[in-house]
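To start, the structure under review is shown below, and the notes come after it.
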Amino acid sequence: MNVVLFEPEMPANTGNIGRTCVATDTKLHLIEPLGFKINEKAVKRAGLDYWDKLDVTVYSDYQEFLERNPGAKIYMATTKAQKVYTEVEYEPDCFLMFGKESAGIPEEILVENQETCVRIPMWGDIRSLNLSNSVSIVLYEALRQNGFEKMTMKGDLHRLHWK
């Protein structure tokens with residue numbers, strides 16, 4: 001699975017998303033310009049001690065991303081989509097793209113990819129959810145559809161004995 005952040009602006013969101021990617025064995029793709037330096041403390045603090053385990057690739061722009069990932073199936077999360085994120089079938093190697101916090105994915109990109117645009121339902125006039133929350137929602141649906149392959153499915157709860 002792959003998560004793509006188009007020009008992310010907030011280091012804490014990217015750090016949180018990086019941590020989620022490590023926990024799900026998902027590759028993270030960052031399309032510049034970034035609103036921060038990748039080695040900023042805020043990114044690493046949000047990613048905790050997982051950042052060094054993250055499989056991350058940075059691209060100079062959207063065109064380079066497309067050139068380096070030819071034929072990639074890309075689902076684009078946007079509030080402008082007609083389909084809900086649960087209405088599509090995600091391939092195990094697909095790319096889930098999310099736009100920058102202030103503006104989302106540019107409309108010219110969305111228009112070219114309308115058939116793979118998905119939305120998270122929201123109530124009322126809320127503009128959007130937090131980026132890291134949106135990534136988690138869509139990513140976990142894609143992982144669920146693919147059987148949570150290679151993920152730990154059961155915990156080990158130890159009983160506490162009280163005196």
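Below, the figures for the structure above:
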item	result
Extreme residue, surrounded by the fewest Cβ atoms within 10 Å (Cβ to Cβ), among residues of the range 93-109 that are of a type in the set (A, V, I, L, M) and outside any strand (DSSP E or B)	103
Single condition residue 86 does not satisfy, out of (1) assigned to a loop (DSSP other than H, G, I, E, B); (2) in contact with an Asp or Glu (Cβ under 8 Å, 6 or more places away or on another chain); (3) at pLDDT 95 or above; (4) not acidic (Asp, Glu)	(1)
Residue list for the range 129-147, filter: open to solvent by 50 Å² or more (accessible area, probe 1.4 Å) and either assigned to a loop (DSSP other than H, G, I, E, B) or more than 18 Å from residue 20 (Cα to Cα) (or both)	129, 130, 147
Test: residue 133 is closer than 18 Å to residue 9 by Cα and not small (Gly, Ala, Ser)	yes
Members of the range 110-126 that are part of a loop (DSSP other than H, G, I, E, B) and farther than 14 Å from residue 77 by Cβ	123, 124, 125, 126
Residue count, the range 64-116 (criterion: among the basic types (Lys, Arg) and touching a Cys at 6+ places or on another chain (Cβ under 6 Å))	1
Residues that are touching a Leu at 6+ places or on another chain (Cβ under 8 Å) and farther than 18 Å from residue 6 by Cβ, drawn from the range 110-148	122
Residue ID - most open to solvent (accessible area, probe 1.4 Å), chosen from residues in the range 1-41 that are in a loop (DSSP other than H, G, I, E, B) and among the polar types (S, T, N, Q)	39
Residue 72 being open to solvent by less than 40 Å² (accessible area, probe 1.4 Å) and assigned to a loop (DSSP other than H, G, I, E, B)	yes
Qualifying residue in the range 110-122 (condition: hydroxyl-bearing (Ser, Thr, Tyr) and either open to solvent by 60 Å² or more (accessible area, probe 1.4 Å) or modelled with pLDDT under 95 (or both))	no
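The values are calculated or read from the model by the stated rules, or taken from the named source; none is laboratory data. A quick note: this is a predicted structure, and the numbers were derived from the prediction, not measured. Positions of Cβ are generated from backbone atoms using ideal geometry, with glycine treated the same way; all protein chains shown enter the neighbour counts. These accessible areas exclude ligands, DNA and RNA; they are computed on the full protein's heavy atoms, side chains included. Shrake-Rupley method; radii C 1.70, N 1.55, O 1.52, S 1.80 Å.
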